[in-house]
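Chemist: What follows is a structure written as structure tokens; I'll ask about it next.
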Amino acid sequence: MDLNLNQKNVLITGSSKGIGFGLAQAFLDEGANVLVNARRDIDTSLFKFKHNDQLFTVQADVSTTEGVKLISKKVFEVFQSKLDIIICNVGNGKSVAPGTETSEDWQKSFQTNFFSTTNTIEGLKSLVSKNGSILCISSICGIEVLGAPLTYSAAKAALNSYVMGLSRVMAKEGVRVNAIAPGNILFAGSTWEQKLKDNEKSVKDMLDREVALKQFGSIEDISNMALFLTSEKAKFVTGSIVVVDGGQVRGW
């Protein structure tokens, strides 16, 4: 299937490793021009891409308005202020045990898992071309109570609500807004990789008990859905929270 993403200008936040890195590589493979972002230096030698003028980097913290301004400046420099796709991927599920949260814990989690997205979109949405697309990486923890930290789950729930509401506004500009809610994704350096090392039997028991397909998902599972949702093949899809979890969520 030709997704017609060749030469599309794509920004992916939080894309130096993990799911964000996989997303960036997938769009590069489709021939898109990709601007990757992280708070720290990005090692471009890790990416495989066909042309040296496909990949660009910007070091900025999108949880701050100053960071988004740096990205806006870079978009002007490399894409002449024209974006076709924005993917908001910044997030971190680490927090304290449920019931022990402090005000600082809540603020930190929302800054990372919610405001990093709202900052990015509010600062850059005017640069998205008509028929463009905005995609947010959420979590099934924002849909069901699954034992994840409350601060993370609440922030992702807020993100899901934001996506559905914003899609109505951006539709007037011809821009679609969707989210992917991943389930348990296994990759090098992930939390699940460490949990498997610590107690493989416990993890496998959880998969057998909670996940219909009884397995982990991969970064490719997320990137394939992202490619589709941001392509013209999904031109009638907006305001959707697309669950990619192997059948774990029961009440969505």
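The values are calculated or read from the model by the stated rules, or taken from the named source; none is laboratory data. On a predicted model such as this, the values are computed, not experimentally measured, just so you know. Methodologically, a virtual Cβ is constructed for each residue, glycine included, from the backbone with ideal geometry; neighbour enumeration extends over all protein chains shown.
Chemist: Out of the residues in the stretch 206-224 that are out of contact with any helix residue (DSSP H, G or I) (no Cβ under 8 Å at 6 or more places or on another chain) and part of a helix (DSSP H, G or I), state the one that is surrounded by the fewest Cβ atoms within 10 Å (Cβ to Cβ).
Modeler: Arg209
Chemist: Within the set of pairs 6+ apart or on separate chains, which have a first residue in the stretch 208-234 that is under 18 Å from Asn89 (Cβ atoms), a second that is outside any helix (DSSP H, G or I) and of a type in the set (Asp, Glu), and C-beta atoms under 8 Å apart?
Modeler: Cβ pairs passing all conditions: Gly217/Asp245; Leu227/Glu30.
Chemist: Among (1) over 19 Å from Ser161 (Cβ atoms); (2) within 14 Å of the chain's Cα centre (by Cα); (3) polar (S, T, N, Q), which single condition is Asn113 missing?
Modeler: (1)
Chemist: Tally the residues that are touching a helix residue (DSSP H, G or I) at 6+ places or on another chain (Cβ under 6 Å) and in a helix (DSSP H, G or I), restricting the search to the stretch 172-205.
Modeler: 3
Chemist: Return the only residue of Gly123, Gly183, Gly189 being crowded, with 21+ Cβ neighbours inside 10 Å and either in contact (Cβ under 8 Å) with a residue 40 or more places away in the chain or touching a Pro at 6+ places or on another chain (Cβ under 7 Å) (or both).
Modeler: Gly183
Chemist: Now, a different point. Can you tell me which residue among Gln80, Gln54, Gln107 is at positive phi, of a type outside the set (A, V, I, L, M, F, W, C) and without any contact (Cβ under 8 Å) to a residue 40 or more places away in the chain?
Modeler: Gln80
Chemist: For the condition of a type in the set (Gly, Ala, Ser), within 17 Å of Ala226 (Cβ to Cβ) and over 17 Å from the mean Cα position of the chain (by Cα), what is the one hit in Gly31, Gly67?
Modeler: Gly31
Chemist: Which members of the stretch 51-85 meet the condition of being aliphatic (A, V, I, L, M) and surrounded by fewer than 20 Cβ atoms within 10 Å (Cβ to Cβ)?
Modeler: Leu70, Val78
Chemist: Within the stretch 64-76, does at least one residue satisfy the condition of being modelled with pLDDT of 95 or more, of a type in the set (D, E, K, R) and touching a Leu at 6+ places or on another chain (Cβ under 8 Å)?
Modeler: yes
Chemist: Can you tell me which of Leu23, Leu35, Leu5, Leu11 is at pLDDT 95 or above, in a loop (DSSP other than H, G, I, E, B), touching a helix residue (DSSP H, G or I) at 6+ places or on another chain (Cβ under 9 Å) and not hydroxyl-bearing (Ser, Thr, Tyr)?
Modeler: Of Leu23, Leu35, Leu5, Leu11, the one residue that is at pLDDT 95 or above, in a loop (DSSP other than H, G, I, E, B), touching a helix residue (DSSP H, G or I) at 6+ places or on another chain (Cβ under 9 Å) and not hydroxyl-bearing (Ser, Thr, Tyr) is Leu5.
Chemist: Kindly establish whether Thr118 is surrounded by fewer than 23 Cβ atoms within 10 Å (Cβ to Cβ) and within 13 Å of the chain's Cα centre (by Cα).
Modeler: Answer is yes for this residue.
Chemist: Of the conditions (1) under 22 Å from Glu66 (Cα atoms); (2) touching a Phe, Trp or Tyr at 6+ places or on another chain (Cβ under 7 Å), Cys141 clears all except one; give me its number.
Modeler: Result: Cys141 fails condition (1) only.
Chemist: Here is a follow-up. For the stretch 42-77, which positions are touching a Lys or Arg at 6+ places or on another chain (Cβ under 9 Å), hydrophobic (A, V, I, L, M, F, W, C) and more than 24 Å from Lys108 (Cα to Cα)?
Modeler: Leu46, Phe56, Val75
Chemist: When you scan the stretch 234-250, how many residues do you find that are of a type in the set (D, E, K, R) and surrounded by fewer than 16 Cβ atoms within 10 Å (Cβ to Cβ)?
Modeler: Number of matching residues: 2.
Chemist: Can you tell me which condition Met1 does not meet? The list is (1) surrounded by fewer than 18 Cβ atoms within 10 Å (Cβ to Cβ); (2) under 23 Å from Gly183 (Cα atoms), and all the others hold.
Modeler: (2)
Chemist: Same structure again: Out of all the residues in the stretch 162-171, is one or more in a helix (DSSP H, G or I), closer than 20 Å to Ser63 by Cβ and either free of Cβ contacts under 8 Å to residues at least 24 places away in the same chain or of a type in the set (A, V, I, L, M) (or both)?
Modeler: Among the residues of the stretch 162-171, at least one is in a helix (DSSP H, G or I), closer than 20 Å to Ser63 by Cβ and either free of Cβ contacts under 8 Å to residues at least 24 places away in the same chain or of a type in the set (A, V, I, L, M) (or both), which makes the answer yes.
Chemist: Residues being outside any helix (DSSP H, G or I) and among the aliphatic types (A, V, I, L, M): count how many of those fall in the stretch 114-161.
Modeler: Count: 8.
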